[in-house]
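Structure record follows, encoded as structure tokens.
The values are calculated or read from the model by the stated rules, or taken from the named source; none is laboratory data. This one's a predicted model, so the numbers in the text were calculated from it and none came from an experiment. Cβ sites come from the backbone with ideal geometry, for glycine too, and all protein chains shown count toward neighbours.
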Amino acid sequence: MAESVVTENGEGGDATRRDFIHIAAGAAAVGAGAMLAWPLINSMNPAADTLALASIEFDMTKVQEGQQIVIKWQGKPVFVRYRTPRELQEATSTPLSALKDPQADADRVKDGHSQYLVVLGNCTHLGCIPTFGSGDFGGWFCPCHGSHYDTSGRIRKGPAPKNLVVPEYAYLSDTRIKIG
Amino acid sequence: MSDHESTYVPKTGIEKWLDTRLPIVRFGADYLALPTPRNLNYWYTFGAILALCLVIQIATGIILAMHYVPNTEMAFASVERIMRDVNGGDLIRYTHANGASMFFIAVYLHMLRGLYYGSYKAPREMIWIVGCLIFFLMIATAFLGYVLPWGQMSYWGAEVITNLIGAIPVVGEPILIWLRGGPAIDNATLNRFFSLHYLLPFVIAGCVVLHLWALHTAGQNNPVGILIPKDRQAKDTVPFHPYYTVKDGFAIILFLILFAVFVFFMPNALGHADNYIPANPLVTPAHIVPEWYMLPFYAILRAIPDKFGGVMAMFGAIGVLFILPWLDTSKVRSMRYRPTMRTFFILFVIVGLILGWCGAQLPDAPVIGDFKTFILIDGDLNSYLWLTRFATAYYFAFFLIIMPLVGLRETPQTIPATISEPVLSGTEETKG
């Protein structure tokens with residue numbers, strides 16, 4: 001900086017007013033560049049119409065006992081599973097110490113509706129859709145990289161790090177839920 | 001080699017006029033007259049082949065973009081329309097799709113050539129690093145392009161690969177949503193992938209200019225791996241044209257024959273049948289595999305039991321190439337004179353092929369026969385999971401352990417003083 005300012009050692013060691021102008025102008029240019037880049041970057045975030053599709057409703061009576069229905073929410077599959085008493089018993093009796101991502105079954109369902117499990121249908125490893133009713137723990141098995149989930153959608157074996165995600169949802173009535 | 005004097009003399013009036021204003025003819029003439037080591041073998045022709053590949057991909061790609069519709073509702077149908085209705089569209093698309101594979105065959109051979117002859121060593125580090133950057137951009141471009149037909153493999157490949165970014169702690173999820181433009185892979189994703197797929201080849205072309213600039217500044221390496229002394233320039237180099245234009249041209253013809261065999265006789269051999277099924281966000285194909293050229297890296301991803309660890313290993317496998325010039329401690333460039341390293345190199349090539357093979361298999365499937373051995377930690381020893389892990393270990397060990405150590409400990413053979421010496425078997429030179 002400031003080649004034109006020559007001090008005793010010829011290096012321009014002291015900060016001069018010209019250095020200040022150089023640094024200030026440079027900083028202003030960088031700041032302006034960042035401010036101009038931000039709207040471009042931000043435009044790649046979800047658009048208003050994409051965000052508007054944020055919630056759906058579902059009638060739980062459509063699912064039979066022992067069955068699962070897959071619905072599409074925000075472009076992603078959601079599993080709605082009506083668990084049999086045996087599957088429910090397996091889910092609730094598993095000790096938390098046996099789990100990779102410990103969470104009780106009761107924390108993954110709504111009170112009074114514990115037979116219904118609602119989870120996002122994307123494997124928490126790399127997003128494939130696990131197959132219903134297969135795998136070593138009777139829940140789901142992901143064919144892509146071999147993750148096994150139990151009947152509560154919790155990860156039991158394989159590369160996936162987390163349990164199947166329970167989306168935000170609430171019961172509007174006894175048989176109707178709203179996801180999102 | 002780069003500091004050679006310009007021998008161009010403008011002859012016509014217009015050339016003289018142009019030479020003092022925009023010396024573009026001089027630039028081209030100097031380029032063709034570039035003194036090039038006279039001992040380059042056919043492994044050195046892949047540079048020209050790769051330049052041709054880039055031109056083919058850009059030319060066919062621009063035409064395809066005129067017919068393609070980047071919309072989730074229409075993308076698949078528009079590709080089918082290209083295949084059935086557009087004049088010669090099937091040929092153009094098959095050339096583009098197989099062209100990607102040909103591009104990668106050539107780039108892998110080009111990189112292995114550089115690895116074998118030590119073309120990354122001083123003073124050529126920047127040629128190598130820019131080359132690695134080009135390779136990385138090629139992978140990104142190929143991935144983006146594979147998503148565009150919006151078939152099942154397109155969709156699920158995009159799902160799996162974008163999810164890799166979600167593995168980054170804390171910031172992964174917001175970045176993932178930003179990258180996809182929504183909570184899932186959808187129209188916003190397809191649109192931006194199309195935009196970027198069109199952009200990146202031109203970024204690659206820019207990097208190719210840097211690659212060649214660095215090459216002509218540092219000078220060509222050669223199979224003997226020695227720098228050509230100033231006083232040997234006249235004896236040990238030949239002008240690029242006609243010597244290497246003809247040699248490269250011949251290699252290009254052979255390469256195009258291979259290319260044509262794929263395009264005309266087996267255009268879908270390297271693709272996956274599932275990509276002729278329209279994308280369905282609610283059904284995952286039973287077996288997701290990337291294109292063949294990504295398989296070794298995909299295998300490394302799956303070898304690591306931890307999600308983020310796998311992602312790190314996969315990017316690390318490419319990242320390690322960038323620091324290769326500083327991992328190799330040997331003073332000798334060419335492995336022709338490094339017998340120990342040559343053995344490890346051959347093993348490395350085999351391991352690379354094994355990784356590619358493993359990437360296409362189910363991790364739990366047995367490698368030999370149909371029997372179980374014993375469970376080692378989390379999988380049977382006789383499974384692709386463990387074969388992949390051993391191969392991955394060798395891949396990294398080759399760069400991080402073997403290269404630095406062998407360079408220090410080996411005894412290389414005597415390196416010839418000039419590149420003509422091995423040809424003339426040490427006798428006094430009688431011919432030019």
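Take the residues in segment A:154-177 that are within 14 Å of chain B (Cβ to nearest Cβ) and assigned to a strand (DSSP E or B); name whichever of them is surrounded by the most Cβ atoms within 10 Å (Cβ to Cβ). Among them, the one singled out is A:I155. Within segment B:253-291, the only residue that satisfies the criterion of being more than 25 Å from the chain's Cα centre (by Cα), part of a helix (DSSP H, G or I) and away from every other protein chain (no Cβ under 14 Å) is B:Y276.
If you filter segment B:340-380 down to residues that are in contact with an Asp or Glu (Cβ under 8 Å, 6 or more places away or on another chain) and under 30 Å from B:Q413 (Cα atoms), you find that the one that is surrounded by the most Cβ atoms within 10 Å (Cβ to Cβ) is B:M341. Here B:V170 qualifies as in the same structural domain as B:Q220 (by TED's automatic domain parsing) and on the phi > 0 side of the Ramachandran plot. As a summary of the residue check, B:R389 satisfies the conditions (1) over 17 Å from B:P296 (Cβ atoms); (2) at pLDDT 90 or above; (3) among the basic types (K, R) except for the one numbered (1).
Filtering segment A:138-147 to residues that are surrounded by fewer than 24 Cβ atoms within 10 Å (Cβ to Cβ) and either under 17 Å from B:A158 (Cα atoms) or at pLDDT 90 or above (or both) leaves A:F141, A:P143, A:H145.
The residue list B:T72, B:T60 contains one member that is assigned to a helix (DSSP H, G or I) and modelled with pLDDT of 95 or more, which is B:T60.
Do we have B:V147 as β-branched (V, I, T) and modelled with pLDDT of 95 or more here? It is true that B:V147 is β-branched (V, I, T) and modelled with pLDDT of 95 or more.
Looking at A:G26, A:G33, just one residue is modelled with pLDDT of 90 or more, part of a helix (DSSP H, G or I), among the small types (G, A, S) and over 30 Å from B:N191 (Cβ atoms), and that residue is A:G26. The residue of segment B:309-343 that is nearest to the other protein chains (Cβ to nearest Cβ), among those that are assigned to a helix (DSSP H, G or I) and hydroxyl-bearing (S, T, Y), is B:T343. Select from segment A:81-108 the residues that are free of Cβ contacts under 8 Å to residues at least 60 places away in the same chain and under 18 Å from the mean Cα position of the chain (by Cα) and write down the one among them that is nearest to the other protein chains (Cβ to nearest Cβ). So the residue we want is A:P102. Consider segment B:293-308 and keep the residues that are over 24 Å from B:T189 (Cβ atoms) and either away from chain A (no Cβ under 14 Å) or not in a loop (DSSP other than H, G, I, E, B) (or both). The one that is modelled with the highest pLDDT is B:P296.
From the list B:A397, B:A391, B:A417, the one residue that fits, being surrounded by 14 or more Cβ atoms within 10 Å (Cβ to Cβ) and either of a type in the set (S, T, Y) or in contact (Cβ under 8 Å) with a residue 24 or more places away in the chain (or both), is B:A391. Restricting attention to segment A:44-65, the residues being within 11 Å of chain B (Cβ to nearest Cβ), assigned to a loop (DSSP other than H, G, I, E, B) and either more than 28 Å from the chain's Cα centre (by Cα) or surrounded by fewer than 11 Cβ atoms within 10 Å (Cβ to Cβ) (or both) number 0.
Of all residues in segment B:151-209, exactly one satisfies the criterion of being facing chain A (nearest Cβ under 8 Å), under 19 Å from B:M74 (Cα atoms) and surrounded by fewer than 19 Cβ atoms within 10 Å (Cβ to Cβ), namely B:R192. Looking at this structure, is B:Y337 more than 27 Å from A:W140 (Cβ to Cβ), more than 22 Å from the chain's Cα centre (by Cα) and hydroxyl-bearing (S, T, Y)? Here the answer is yes, as B:Y337 does meet what is asked.
Here A:C144 meets each of (1) within 14 Å of chain B (Cβ to nearest Cβ); (2) within 25 Å of B:D378 (Cβ to Cβ); (3) outside any loop (DSSP other than H, G, I, E, B) with one exception, condition (3). On inspection, B:V79 does not qualify as outside the structural domain of B:D274 (by TED's automatic domain parsing) and either closer than 23 Å to B:M138 by Cβ or assigned to a loop (DSSP other than H, G, I, E, B) (or both).
Here A:R86 passes the criteria (1) crowded, with 21+ Cβ neighbours inside 10 Å; (2) not in a loop (DSSP other than H, G, I, E, B) except the one numbered (1). Hey, among the residues in segment A:109-133 that are within 12 Å of chain B (Cβ to nearest Cβ), without any contact (Cβ under 8 Å) to a residue 24 or more places away in the chain and not in a strand (DSSP E or B), which one's surrounded by the most Cβ atoms within 10 Å (Cβ to Cβ)? Filtering segment A:109-133 for residues that are within 12 Å of chain B (Cβ to nearest Cβ), without any contact (Cβ under 8 Å) to a residue 24 or more places away in the chain and not in a strand (DSSP E or B), the one surrounded by the most Cβ atoms within 10 Å (Cβ to Cβ) comes out as A:L126. Answer yes or no: is there a residue in segment B:5-17 that is surrounded by fewer than 19 Cβ atoms within 10 Å (Cβ to Cβ), charged (D, E, K, R) and in the same structural domain as B:G206 (by TED's automatic domain parsing). Within segment B:5-17 (the criterion being surrounded by fewer than 19 Cβ atoms within 10 Å (Cβ to Cβ), charged (D, E, K, R) and in the same structural domain as B:G206 (by TED's automatic domain parsing)), the answer is no, since none of the residues qualifies. Counting only residues that are under 30 Å from B:T162 (Cβ atoms) and of a type in the set (S, T, N, Q), which one in segment B:190-236 is farthest from the chain's Cα centre (by Cα)? Checked segment B:190-236; the qualifying residue farthest from the chain's Cα centre (by Cα) is B:N191.
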